[in-house]
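Some notes on the structure that comes next.
The values are calculated or read from the model by the stated rules, or taken from the named source; none is laboratory data. In this text the structure is predicted, and so the values were computed from the model without any measurement. Glycine gets a Cβ as well: all are built from the backbone with ideal geometry, and neighbour counts include every protein chain shown. Calculation scope for accessible area: heavy atoms of the full protein, side chains included, ligands and nucleic acids excluded. Shrake-Rupley method; radii C 1.70, N 1.55, O 1.52, S 1.80 Å.
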Amino acid sequence: MHRSHRVGWLRAAVLGANDGIVSTASLVIGVAAAESPHEAVMLAGVAGLFAGALSMAAGEYVSVHSQADTEKADIELEKQHLQDDPEFELHELAAIYENRGLDADLALKVAEQLMAHDALGAHTRDELGITETMSARPLQAAIFSAASFAVGAALPLAAAWFSTGRMMIWIVAGSSLVFLALLGAVAAQAGGAAPLKGSMRVLFWGAIAMAATALVGRIFGAVV
Ligand SMILES: [Zn+2]
């Protein structure tokens with residue numbers, strides 16, 4: 001079964017959740033390492049969840065929206081070209097099919113028939129590489145990213161909520177690494193890649209992020 005068509009959404013969901021876990025766990029650990037009271041740690045974590053989710057949404061909206069604008073402009077331009085010089089466009093399309101392995105005669109014939117059926121569709125698909133499923137939907141992408149981030153961020157927050165004192169750092173770090181490993185394995189499985197490799201990579205960088213903020217919290221906690 002082909003998997004690449006759903007890898008886009010899956011990838012976005014996994015990236016969002018990974019981000020949510022790593023950034024919130026790091027934040028909580030950093031604040032906790034500075035020997036802050038439990039309420040301060042929770043407050044920082046909740047604020048981090050909302051800040052991160054909103055920032056993901058805004059970033060995703062802007063990036064997908066500009067991609068959609070680019071695609072729209074490209075399609076408009078192609079429409080104009082098809083009107084102005086259909087003969088040139090026919091040979092342009094035929095050349096693309098020839099490059100993909102068809103004989104010159106057959107390529108021309110295919111181009112003619114596809115253009116008779118839906119000229120703009122054939123050009124946007126085969127020349128511009130824009131397919132309908134890839135067409136950008138910015139609002140949906142923004143909500144989706146923010147939600148995946150929030151779901152990821154809720155995990156270390158829950159771990160922090162249920163732990164107290166000096167154990168909090170270890171409980172949050174340990175459970176977050178487990179969440180990251182599970183997420184990496186699920187993502188790799190669904191994407192058809194090797195599960196172990198995917199989780200190891202995420203685990204490694206997640207652990208580094210948490211250790212770094214723990215260190216920062218420790219240093220600044222001592223200073224402030
Ligand atoms: Zn064209």
Checklist entry - How much length is gained on full extension from Phe50 to Ile219, taking 0.36 nm per residue of separation minus their Cα-Cα distance? => result 58.2 nm
Item to check | Kyte-Doolittle mean at least 1.0, axial Cα span of 24 Å or more - DSSP H helices of the chain | outcome: 138-161, 167-191, 195-223
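What is the Å³ per residue value for the convex hull set by the Cα atoms of region 103-224?
Residue-normalised Cα hull volume stands at 193 Å³.
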Next on the checklist: I'd like to know which of Leu155, His123, Ile75 lies farthest towards the positive end of the charge dipole of region 71-172, counting +1 on Cβ of Lys and Arg and -1 on Cβ of Asp and Glu.
Outcome noted: Leu155
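Within 10 Å, count the other beta carbons around each residue, average over each peptide in 155-165, 63-73, 19-29, 114-124, and list them highest first.
19-29, 155-165, 114-124, 63-73
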Next on the checklist: With a 1.4 Å probe and all protein chains left in place, how much of the accessible area of the chain comes from carbon and sulfur atoms, in whole percent?
Outcome noted: 68
Checklist outcome for this item: Net charge near Thr70 (other residues with Cβ under 13 Å of its Cβ; Lys, Arg +1; Asp, Glu -1) is -4
Next on the checklist: Below 8 Å between Cα atoms, with a sequence gap of 6+, how large is the relative contact order for region 41-171 in percent?
Outcome noted: 43
Checklist entry - Roughly how many Å is it from the Cα centre of region 24-38 to that of region 50-82, as a whole number? => result 37
Next on the checklist: If I model a spin label as a point 7 Å beyond the Cα along the Cα-Cβ vector, how far apart are those points for Leu10 and Gln140 in nm?
Outcome noted: 1.8
Next on the checklist: What is the sum of charges, Lys and Arg at +1 and Asp and Glu at -1, for the other residues whose Cβ falls under 13 Å from the Cβ of Ala181?
Outcome noted: +2
Checklist entry - Taking only protein heavy atoms and a 1.4 Å probe, what accessible area per residue, in Å², does region 38-155 have with all protein chains in place? => result 60
